[in-house]
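Quick note: the coordinates plus some simple rules give every number you see, no bench work behind them. Predicted model, so just to flag it, every value in this text is computed and none were measured. Here Cβ is always computed from backbone atoms with ideal geometry, including for glycine, and neighbour counts include all displayed protein chains.
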Amino acid sequence: MNTEPTREEAFALLSKYTKNDGLIRHAHAVEGVMRYMARKHGEDEEKWGIIGLVHDLDYEMYPDRHCSKSREILEEKNWPEEYIHGVVSHGWGICSDVQPEHLMEKILFAVDELTGLVATTALVRPSKSVLDTEVKSVKKKWKDKRFAAGVDRSIIEKGAEILGVEIQELISDTIQGMREVAEEIGLKGNL
């Protein structure tokens, strides 16, 4: 029977496949948001956090097999299918045909790209901190398609739509979750 992984096991696995500091910070950012969202919705914070932490497990080493290689790696480690489905579904319509079904999966799909926009917005602030980054600042940067050009806003919009929430609420929740891990993600800044 598949046993639920610990955070330590998840981080060790992430560290084995991911060496890039930026990708590690992104993993921590998504983990922070997923933990925040799990608490907000009365769900399993540990499970949501772990799935957020390893969601891009294969991205650095296997970019052409993103999501499918994660499935292989996690199956080899006997991770529960629920965790694997969560990880693979975040790439729905991009590199995976596995659709997000559960609340956790829909949130991961919606916030993955958004953490990048929030982080980039925080870095251009005088404080270089997510701790004083506001929703209105992110919304303002959202409109400038050249700003954080790698962030696909249509994915965030699709995520908000499948969750049935307004973009502003999603941005607010993402900021709150990232504030909780500001130090780990290098966005504590100079406040």
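Residue check: ILE24 meets all listed conditions (1) hydrophobic (A, V, I, L, M, F, W, C); (2) touching a helix residue (DSSP H, G or I) at 6+ places or on another chain (Cβ under 7 Å); (3) part of a helix (DSSP H, G or I) but one, namely (2). The residues listed here are LEU23, LEU53; of these, the one that is surrounded by fewer than 20 Cβ atoms within 10 Å (Cβ to Cβ), aliphatic (A, V, I, L, M) and under 15 Å from the mean Cα position of the chain (by Cα) is LEU23. Residues of region 66-113 that are part of a loop (DSSP other than H, G, I, E, B), without any contact (Cβ under 8 Å) to a residue 60 or more places away in the chain and closer than 18 Å to ALA38 by Cα: HIS90, GLU101, HIS102.
Summed over region 1-13, residues that are farther than 12 Å from GLY49 by Cβ, surrounded by 15 or more Cβ atoms within 10 Å (Cβ to Cβ) and in contact with a helix residue (DSSP H, G or I) (Cβ under 8 Å, 6 or more places away or on another chain) total 1.
For region 118-176, taking the residues that are without any contact (Cβ under 8 Å) to a residue 60 or more places away in the chain, among the hydrophobic types (A, V, I, L, M, F, W, C) and in a loop (DSSP other than H, G, I, E, B), the one that is surrounded by the fewest Cβ atoms within 10 Å (Cβ to Cβ) is identified as ALA149.
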